[in-house]
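Novice: Before anything else, here's the structure in question.
The values are calculated or read from the model by the stated rules, or taken from the named source; none is laboratory data. Predicted model, so just to flag it, every value in this text is computed and none were measured. Positions of Cβ are generated from backbone atoms using ideal geometry, with glycine treated the same way; all protein chains shown enter the neighbour counts.
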Amino acid sequence: MEEQKFVEYLRVSTRVQGVSGLGLDAQKEIIRNYLKDVEPIASFVEVESGRHNDRPKLQEALKMCRKEKATLIVAKLDRLSRNVAFTSRLLESDVEIKFCDFPEANRLVLHIISSISEYEANLIRTRTKQALDAKRARGESLGKPENFKENQEKAIANSRKTIKAKADSNPNNKRAVAMLRVLVKNTTNLSEMARVLNQEGFTTSRGGQFTAQQVKILLQRYDINNGE
């Protein structure tokens, strides 16, 4: 029986999230944990609001799915869209779509969940507008502070430090890193390293199995040279 193929679609709302990797890493982790040992044949990243339907990367992903007879896999339903009509058209298309947060849901259930997601998004927009209107009425400034970019960069740097600190404090991670320092002397194959780690009982910080992508992240994070 031919192994099922997957094309992953990742979406973040802002360019800052795309550049920093914040948001994208979480989606990748969800998809990797769901697929376990299966690697997506391609990955497409979109930087666009969930309310907008102009999605060139999504169209590329769907085209790849049709060509390779693959399934489009998305971490969460709201990463695909917060627009009910747009989601409905995609669900009725000729490409199979799998959502990691609702893997067994049928199309009717997905339509209902999508409707709720759109309703919640509209509520957030309404509340935000009301809050901004109230600030304007009080004469408060709504512009970005002069040091907005600097603060933004600091926030991204601090987030990365926090993520690394949590990883460094995890005993399992320390042992996995020690094992990787040995493995890189014998192989540059990321999939083979992941296989050995899993075979020896190592798990990711979330308790899942290692994939080639997760091994690559650890090698980069701890500056371990694998000869590439």
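Rundown of residues vs (1) of a type in the set (A, V, I, L, M); (2) farther than 23 Å from Gln214 by Cα, yes/no style:
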position: Gln27; (1), (2): no, no
position: Asn33; (1), (2): no, no
position: Lys36; (1), (2): no, no
position: Lys67; (1), (2): no, yes
position: Leu72; (1), (2): yes, no
position: Ala75; (1), (2): yes, no
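Novice: Quickly run through region 22-39 and pick out the residues that are among the basic types (Lys, Arg), under 14 Å from Gly207 (Cα atoms) and crowded, with 19+ Cβ neighbours inside 10 Å.
Specialist: Arg32
Novice: Looking at Ala167, is it modelled with pLDDT under 80, of a type in the set (A, V, I, L, M) and surrounded by 13 or more Cβ atoms within 10 Å (Cβ to Cβ)?
Specialist: It is true that Ala167 is modelled with pLDDT under 80, of a type in the set (A, V, I, L, M) and surrounded by 13 or more Cβ atoms within 10 Å (Cβ to Cβ).
Novice: Just to check your reading of the model, which residue among Phe210, Phe202 is modelled with pLDDT of 80 or more, under 18 Å from Lys36 (Cβ atoms) and assigned to a loop (DSSP other than H, G, I, E, B)?
Specialist: Within the list Phe210, Phe202, the selection yields Phe210.
Novice: Which of the residues that make up region 95-106 are assigned to a loop (DSSP other than H, G, I, E, B) and at pLDDT 85 or above?
Specialist: Those that are assigned to a loop (DSSP other than H, G, I, E, B) and at pLDDT 85 or above: Val95, Glu96, Cys100.
Novice: Can you confirm whether Ser88 is at pLDDT below 75 and out of contact with any Cys (no Cβ under 6 Å at 6 or more places or on another chain)?
Specialist: In short, yes.
Novice: Taking region 39-61 as the region of interest, how many residues are in a loop (DSSP other than H, G, I, E, B), of a type in the set (Asp, Glu) and closer than 12 Å to Tyr9 by Cβ?
Specialist: Summing the residues that are in a loop (DSSP other than H, G, I, E, B), of a type in the set (Asp, Glu) and closer than 12 Å to Tyr9 by Cβ in region 39-61 gives 1.
Residue-by-condition table, conditions (1) closer than 19 Å to Asp25 by Cα; (2) at pLDDT below 85; (3) outside the structural domain of Ile30 (by TED's automatic domain parsing); (4) part of a helix (DSSP H, G or I):
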residue	(1), (2), (3), (4)
Ile156	yes, yes, yes, yes
Arg160	yes, yes, yes, yes
Val182	no, yes, yes, yes
Ala194	yes, no, yes, yes
